[in-house]
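Have a look at the structure below before the remarks.
The values are calculated or read from the model by the stated rules, or taken from the named source; none is laboratory data. Please read all numbers here as calculations on a predicted model, not as lab measurements. Cβ atoms come from the backbone with ideal geometry, glycine included; neighbour counts cover every protein chain shown.
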Ligand SMILES: O=C(O)CCC(=O)C(=O)O
Ligand SMILES: [Fe+2]
């Protein structure tokens, strides 16, 4: 089901670069769909899409982007990555699959402008359950596998994602971690072991969240656009407490619905629309 080489490289490095995961037509549809969302500031809603920011300098997020339209619904179980994600999160045939194969605990589009970046974070140390990398008794059991898809070309100066390959297994904090975190991801220079990943629009980076990662500071004019879907086991919960709209749940295929809402909470109540 998953290529031996993919399994080997994911285990070794903690990520896979899926070139051409989306077709140019899919990228165009996603960008056109994003353009229908009027400009928002953190805290504002457009339908069920919520404008949000983690900090002051890492760019604007549109959370719950799978609510924005069909092009984003397709990403929930996109054939370019869904089998790999299922394999690396693991749990098939076990209690972890009780309510389905997966759950997306966060999905967003991120817009990164010149001067913005996200400093290095995660890494094997300190180990946490939610983003752990694990392989045990012949199975992958990763707590969180991210698919970060480029909607614009990301080359030198564009604020590319940075990774420290292999750091998902590290038992130590990188000696330059704090410096880089504070510098808000200036460049990979000076972070021994880090690489900056350049992507074409439509490429996806599949990585275990436990790998040390961040992004370089965007130096070029223009805006970098990415989409991130984070997958974990079906018993997970929403990172920020969002809930899917009844309209979305009605529209989705049964496979997608299971990933968006593995478990219908009881007693049944209609999902509430945000104010
Ligand atoms: O913006 C990036 O390239 C990294 C984003 C990130 O930290 C994540 O998706 O977990
Ligand atoms: Fe991250």
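What the table shows:
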{"item": "Residue 149, sole failed condition from (1) within 16 Å of ligand 1 (Cβ to nearest atom); (2) modelled with pLDDT under 95", "result": "(2)"}
{"item": "Test result for residue 165, surrounded by fewer than 20 Cβ atoms within 10 Å (Cβ to Cβ) and closer than 21 Å to residue 131 by Cα", "result": "yes"}
{"item": "Residue match in segment 259-266 (condition: at pLDDT 95 or above, under 18 Å from the mean Cα position of the chain (by Cα) and assigned to a helix (DSSP H, G or I))", "result": "yes"}
{"item": "Residues within segment 207-237 that are within 20 Å of residue 130 (Cβ to Cβ) and more than 11 Å from ligand 1 (Cβ to nearest atom), tallied", "result": "7"}
{"item": "Counted residues, segment 101-119 - those being out of contact with any strand residue (DSSP E or B) (no Cβ under 7 Å at 6 or more places or on another chain) and surrounded by fewer than 20 Cβ atoms within 10 Å (Cβ to Cβ)", "result": "3"}
{"item": "Any hit, segment 125-132, residues being assigned to a loop (DSSP other than H, G, I, E, B), within 18 Å of the chain's Cα centre (by Cα) and surrounded by 15 or more Cβ atoms within 10 Å (Cβ to Cβ)", "result": "yes"}
